[in-house]
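Read-outs: derived from the displayed coordinates by stated rules, not from any lab. This is a predicted model, so every value here is computed, not measured. Quick reminder, even Gly has a Cβ in these numbers, built from the backbone with ideal geometry, and neighbours come from all protein chains shown.
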Amino acid sequence: MADPILEVISLTKCFGAIAASDGLTFSVKRGTIHGLIGPNGAGKSTAIAQLSGELQSDTGRVRFDGQDVTRWPVDKRARSGLQRSYQITSLLPEFTAEDNVAMAIQSQQGHSFRFWDNARKDHSLRIPARKILERVGLSDFADSPVMDLAHGQQRQLELAMVLATAPSMLLLDEPMAGMGQSESLRMMELLRPLKGDVTMLLVEHDMDVVFALADMITVLVKGQVLITGAPDEIKNHPEVRRAYLGDY
Amino acid sequence: MFLNKIIGAEASLRTKIVSLVGLLILFTVPLLANLFDEPFLVDIASRILIYALVAVSLDLILGYGGMVSFGHGAFLGLGAYVVGILTHHSYEGTAVAFLPGEWQGTTQAFIQWPLAMIFSGLLALIIGALSLRTTGVYFIMITLAFAQMLYFFMISIPTYGGEDGLNIWERSEIPLLDLYDAKSFYFTCLILLLLCLWCCSRIVKSRFGMVLRGCRQNEVRMKALGYPVYRYKLIAFVLSGMIAGLAGALLANHTEFVGPGLMHWTGSGEIMIMVILGGMGSLIGPVLGSAALLMMEEVLAGWTEHWMIFLGPMLVLIVLFARKGLYGLLIGKGADNG
Ligand SMILES: Nc1ncnc2c1ncn2[C@@H]1O[C@H](COP(=O)(O)OP(=O)(O)O)[C@@H](O)[C@H]1O
Ligand SMILES: [Mg+2]
């Protein structure tokens, strides 16, 4: 349990003169929830994109599950079990909710060079997709086009998709962004039981959520790691209070 | 039955009726032409079917894969040239240029047409492998550039007619069938088109097709789910090129001539107009688009040589008010269902 599943070693990304991430170094222990917090513009989303492979890093290394994945493209990292969700909902808008989850399952079942049989009638895709929709509370909307879903439901669907790929690690970029109180609670209750099976790097605005869920927390400020520590340590750290928590 | 296979058993009643009427018309064209004593109608109808075939092939990657290929004329043209060149050598009794050995070509359709598909497929593999590394406007420009390159290449080869193209002195041969007979030729085109529609309708609903459609909707998400999207798009691009090559082989037989003009960007544009006019992402739409554009050409060109002037505003209207093109107008709401 104690070995790190993800190691980030002096990861840097510059946009022009701005160093959006500047020598990030931290590691995430297997089976834990690791919070990533920091003020707006601190570089959290940039870090997630570098870890998922969507942004090419300028320097630094990423090790995932014992392998150096620094040069791996997004899809290869995803197939090796490193999945991400997006701060701004990112779905397949013309498909139904069930289609979206089925696409995630299909990706996990190996290559899709099958040209003949109707994928929408494939029970090996559809039955597990239904189960996962049920788990996130969307069974009633299985056949709804994604565009017809409310914002909160779309966020739940996004989680359903990443769960459907049976990931070993999730990079969650503000999964509760724009959700109401009860929806956020529901999302928390969905994430909590995954702990142990799935490692999570959780970017979240709501401090209560982070302190309630996370085992460890890394604080980012201006693209740099201010501190990594247990929630209590973070709460009481004078510099964190000054730099970020402010009036918390 | 066959109709269900193409449009899907779960299609709405309206879809079924429209498709049935469509099929009925397609199968009775030669009869009607006889009835009205206008035999050239069969000729025009064959041309519509051939262009429908290439429009469907473009729809596969444009309407389902979101790949705005502006160089589809290249695949159509190469398919036509394969037939033209093989017939040319067979007729003259000379060896095919650029090939080792002394093969003197052939007029057998069963060799010519698959070769047309293979060569167009290979061309699509090369063009696709390079251009699919880009997206958006760059992709449009690169596919366009490749097609223009091929256009100028064909112009520069005097062996195969250069700018003047090649006359085809013998149509392809199929055992027990005479392709010089307008009706036989028409039904050959019709059967190939229906076969292609059937295969494509299976493909777009298959696992592969779902990946393709996912890429059009949100490629970033598909990658994040673990799909190596480049490979899927490339395979679709090659399939599309092969179908276009087959259409080219038919077109060469139809016009009994091949020239570089087929590869010119205006030709590629016309194919794209057919797809947009008929309705992207519907397979049946491009058939309607081909019929509409070619008939308009036929009728309007009789009135005025500036018939293109009418086309522009019409396309704008279609794009603005009928997202699913003519097919959407006919089918109504159901046309939106994936
Ligand atoms: N694609 C980009 N181009 C230029 N600057 C960017 C880009 N993405 C992020 N940035 C900049 O990098 C910094 C970090 O942004 P981001 O990672 O989104 O922060 P966070 O998610 O912590 O709010 C910000 O100053 C932002 O303006
Ligand atoms: Mg962010």
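The table below gives the values:
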item: Segment B:MET296-B:PHE36, length gained on full extension (0.36 nm per residue, minus Cα span); result: 91.6 nm
item: Values of log10 I(q)/I(0), in the order q = 0.13, 0.17, 0.24, 0.25 Å⁻¹, for the range A:188-248 under a Debye, Cα-only, solvent-free model; result: -0.36, -0.59, -1.07, -1.13
item: Compactness of the range B:7-334 - radius of gyration and Dmax, Cα, Å; result: 19.6, 60
item: Helix runs (DSSP H) in chain A reaching 24 Å along axis by Cα, Kyte-Doolittle at least 1.0; result: none
item: Selected from B:LEU300, B:LEU125, B:LEU262 as most flexible by GNM, with chain B as the system and alpha-carbon contacts under 10 Å; result: B:LEU300
item: Per residue Cα convex hull volume in Å³ - calculated over chain A; result: 133
item: 10 Å Cβ shell holding at most 13 others, DSSP loop, trypsin sites (Lys or Arg not before Pro): longest site-free stretch of chain B; result: B:134-322
item: Translational diffusion of the range B:1-150, µm² s⁻¹ [Kirkwood Rh, Cα pairs; Stokes-Einstein; 25 °C; 0.890 mPa s]; result: 132
item: Alpha-carbon gyration tensor eigenvalues x 5, square-rooted, for the range A:1-82, Å; result: 20, 15, 11
item: Relative contact order (%) - chain A, alpha-carbon pairs under 8 angstrom, separation at least six; result: 27
item: The range A:60-114: Cα Rg divided by the 2.2 N^0.38 Å rule of thumb; result: 1.36
item: Descending principal axes extents, the range B:201-327, alpha-carbon based, whole Å; result: 55, 37, 24
item: Filter on B:LYS16/B:LYS233; A:LYS76/A:LYS131; B:LYS205/B:LYS324; A:LYS44/A:LYS235 - keep pairs with C-alpha separation over 23 Å; result: B:LYS16/B:LYS233; A:LYS76/A:LYS131
item: Label-point separation, A:GLN224 to A:ILE18 (7 Å along Cα→Cβ), nm; result: 1.8
item: Candidates A:GLN56, A:GLN109, A:GLN87, ranked by Gaussian network fluctuation over chain A, Cα under 10 Å, top entry; result: A:GLN109
item: FRET efficiency for A:PHE113 and B:ILE174, using Cβ-Cβ distance with R0 set to 45 Å, rounded to 0.05; result: 0.90
item: Gained length - A:ASP232 relative to A:ASP65, 0.36 nm times residue gap less alpha-carbon distance; result: 57.3 nm
item: Calculated log₁₀ intensity ratio I(q)/I(0) where the Debye formula runs over C-alpha points of the range B:56-103, q = 0.18, 0.23, 0.29 Å⁻¹; result: -0.64, -0.79, -1.03
item: Cα-centre dipole for the protein assembly as shown with unit charges at Cβ (Lys and Arg positive, Asp and Glu negative), debye to 20; result: 1480
item: Mean separation of Cα contacts under 8 Å, 6 or more apart, over the residue count of the range A:91-166: relative contact order %; result: 49
item: The range B:213-240-the range A:55-130 distance, computed between alpha-carbon centres (Å); result: 12
item: Tail weight of P(r) past 15 Å, computed on alpha-carbon pairs of the range A:91-166, percent; result: 48
item: Debye, to nearest 20: dipole size of the range B:7-334, +1 on Lys, Arg Cβ, -1 on Asp, Glu Cβ; result: 2120
item: Listed residues B:GLU270, B:GLU38, B:GLU173, most fluctuating in chain B (Gaussian network, C-alpha, under 10 Å); result: B:GLU38
item: For the range B:47-133, alpha-carbon Rg over 2.2 N^0.38 Å; result: 1.25
item: P(r) weight above 48 Å for the protein assembly as shown, C-alpha pairs, percent; result: 26
